[in-house]
Amino acid sequence: MDRFYELSKDTVTDFMDTFSKKVFPTPIKFQFIGDSKQKTLIKLTKLSEDMEFVLDKQIKIIINEDLMNMYDEESIVILFEQEIDKIHPNIDTGKIKIIKTDLNTFSSIVNKYGVEKVARANKVEELYQEQKDDADGGEFIA
């Protein structure tokens, strides 16, 4: 069996249904690829400028459909949304940037403290760094 393949129309439709529930200021074109050896359900990456030109696409979406068949519908939507939320278009330039997740931790920490407290702790750390780097020297507020 080949590693890379064309995704089924149902899989592309499932992704696009999830994507269409989000609001983006500019249209985004996707290149879909199936990967039977990918260890995660979905992986989203920005195409290089030369590949954008060649393919007339901006974002590459790779999905492992074998793995997808093991997930329930809600988990698929969560994982799709998690990747979609990484897409950040610049309204002024039209360029697309892929950002890192804003909550990266261990499940044991989330189980112990709850997602709200862990997210707040991570956000405070991020805000501190932003304010520290800010030339205005704004006051740090936790």
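Filtering the range 32-43 to residues that are of a type outside the set (A, V, I, L, M), more than 14 Å from the chain's Cα centre (by Cα) and either surrounded by 13 or more Cβ atoms within 10 Å (Cβ to Cβ) or not in a loop (DSSP other than H, G, I, E, B) (or both) leaves Phe32, Gly34, Asp35, Ser36, Gln38.
Do we find a residue being touching a Ser or Thr at 6+ places or on another chain (Cβ under 7 Å) and either surrounded by fewer than 17 Cβ atoms within 10 Å (Cβ to Cβ) or within 29 Å of Gly94 (Cβ to Cβ) (or both) anywhere in the range 65-72? Yes.
Within the range 15-25, is even one residue surrounded by 15 or more Cβ atoms within 10 Å (Cβ to Cβ), part of a helix (DSSP H, G or I) and not aromatic (Phe, Trp, Tyr)? Within the range 15-25, one or more residues are surrounded by 15 or more Cβ atoms within 10 Å (Cβ to Cβ), part of a helix (DSSP H, G or I) and not aromatic (Phe, Trp, Tyr).
Restricting attention to the range 67-82, the residues being aromatic (Phe, Trp, Tyr) and outside any helix (DSSP H, G or I) number 1. One residue alone among Lys29, Lys46, Lys97 is surrounded by 11 or more Cβ atoms within 10 Å (Cβ to Cβ), modelled with pLDDT of 85 or more and touching a His at 6+ places or on another chain (Cβ under 6 Å), and that residue is Lys97.
Give the residues of the range 73-98 that are under 14 Å from Asp17 (Cα atoms) and among the hydrophobic types (A, V, I, L, M, F, W, C), sorted by residue number. Answer for the range 73-98, where residues must be under 14 Å from Asp17 (Cα atoms) and among the hydrophobic types (A, V, I, L, M, F, W, C): Ile76, Val77, Ile78, Leu79, Phe80, Ile84. Beta carbons closer than 9 Å, at least 6 apart along the sequence or on distinct chains, pair a first residue in the range 94-113 that is without any contact (Cβ under 8 Å) to a residue 60 or more places away in the chain with a second that is among the polar types (S, T, N, Q) and part of a loop (DSSP other than H, G, I, E, B) for Lys97/Asn90.
Please tell me if Glu126 is outside the structural domain of Asp17 (by TED's automatic domain parsing), modelled with pLDDT under 95 and in a helix (DSSP H, G or I). For Glu126, the condition - outside the structural domain of Asp17 (by TED's automatic domain parsing), modelled with pLDDT under 95 and in a helix (DSSP H, G or I) - is met.
The values are calculated or read from the model by the stated rules, or taken from the named source; none is laboratory data. Quantities reported herein were computed from a predicted structural model and do not represent experimental measurements. Virtual Cβ from ideal backbone geometry, glycine too; neighbours counted across all protein chains shown.
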